1. Among the candidates Leu87, Leu70, which residue alone is over 30 Å from Arg162 (Cα atoms), touching a Gly at 6+ places or on another chain (Cβ under 7 Å) and either exposed (fewer than 15 other Cβ atoms within 10 Å of the Cβ) or at pLDDT 90 or above (or both)?
2. For the range 119-157, give me the residue count where each residue is surrounded by fewer than 17 Cβ atoms within 10 Å (Cβ to Cβ), more than 17 Å from the chain's Cα centre (by Cα) and farther than 18 Å from Leu12 by Cα.
3. Would you check which residues across the range 46-67 are buried (at least 16 other Cβ atoms within 10 Å of the Cβ) and either among the aliphatic types (A, V, I, L, M) or part of a helix (DSSP H, G or I) (or both) and list them?
4. State the number of residues belonging to the range 78-97 that are touching a residue at least 12 places away in the same chain (Cβ under 8 Å) and β-branched (Val, Ile, Thr).
5. Looking only at the range 1-16, which residues are farther than 19 Å from Thr79 by Cβ and in a helix (DSSP H, G or I)?
6. Within the range 11-18, is there a residue that is modelled with pLDDT of 90 or more, in contact with an Asp or Glu (Cβ under 7 Å, 6 or more places away or on another chain) and within 30 Å of Ala164 (Cα to Cα)?
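The values are calculated or read from the model by the stated rules, or taken from the named source; none is laboratory data. All values derive from a computational prediction rather than experimental measurement. Ideal geometry is used to build each Cβ from the backbone, glycine not excepted, and the neighbour counts take in all protein chains shown.
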Amino acid sequence: MPEPLRTTTYTLTRADALAYAQASARFSPFGVLALVLWLGFCGSLAFVLPRDWAGPLLGWSFSVLVSLLLAIGYVLALTVIAFRQWLAAGQRLRHPQELTVTEWPDRLEIVGGGLPRDLPLLDIRESIPTRTHLFLVSDNGVLILPAAAFAEENVIDDLAARIAGKPTPVAPKVDAAAPPA
């Protein structure tokens with residue numbers, strides 16, 4: 001029976017789930033429209049302020065005030081987005097879980113977080129590589145692989161390339177009998 005390529009045991013935390021929520025966040029057209037309307041509302045608040053406080057329309061102080069209100073509105077929007085991602089991470093992973101991932105040439109075997117399961121590489125719909133994690137999205141959910149859990153360097157990149165179907169680079173063979181060119 002063939003041996004696995006690698007077996008890795010790690011603890012999955014809420015920070016890992018938060019990293020997935022941030023990496024997979026996509027703005028929908030409705031979300032972009034809501035952000036633009038919110039920023040328009042924040043900028044238009046400068047028009048309701050008294051003229052002696054805001055300065056003349058289209059003046060330097062009025063422009064600075066509009067810019068300041070837009071910046072405050074944007075920071076508030078980012079705070080709401082970050083809070084929603086934090087809540088989603090808490091719902092995805094309520095407490096730390098220890099997982100053991102065994103890599104085989106054609107599948108990943110996951111033990112922990114409930115029952116053991118197999119994840120064939122062909123069933124992975126999307127892989128999201130980041131600097132610190134590799135997220136594998138399948139029909140059964142998301143597998144979060146932190147890069148820090150792997151002792152060897154570039155293991156995550158090699159796994160992502162294998163999932164994408166790219167061949168791994170092979171070191172050129174050096175023939176000792178042949179003279180150098």
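1. Numbers: Leu87 fails: touching a Gly at 6+ places or on another chain (Cβ under 7 Å).
Every option except Leu70 fails the conditions.
2. Residues that pass the stated criteria total 7.
3. Matches in the range 46-67: Ala46, Ala54, Phe62, Leu65, Val66.
4. Residues meeting the conditions: 1.
5. Matches in the range 1-16: Asp16 only.
6. Yes, the conditions are met somewhere in the range 11-18.
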